[in-house]
Amino acid sequence: MGTRNYIRRESALHSEVEALRWAMESMLQHSTCHSFGTYCKDLIAMIKDSRACPSFATKLEIIETL
């Protein structure tokens, strides 16, 4: 829905991270929803061990904070 206005990302994984961050920010502002999910195995692995992909460290910190 809102991701139509996003610029192209470097990879599908970058898009997954941005989509999750956007969804979390939007839902936390406009809803009482506090549960999020993804089917992206790589994203799940990165969230579990953020040191595995240092290039995503900043974005993962934002997700963890949300």
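Where a number appears in this text, it was derived from the coordinates with a stated rule and is not lab data. Quick caveat: nothing in here was measured; it's all calculated off a predicted structure. Virtual Cβ from ideal backbone geometry, glycine too; neighbours counted across all protein chains shown.
Ordering 49-57, 17-25 by mean Cβ neighbour count within 10 Å, with the highest value first, yields 17-25, 49-57. Each pair of Cα atoms in segment 2-65 enters the Kirkwood radius, and Stokes-Einstein at 37 °C and 0.692 mPa s then converts it into a translational diffusion coefficient of 264 µm²/s.
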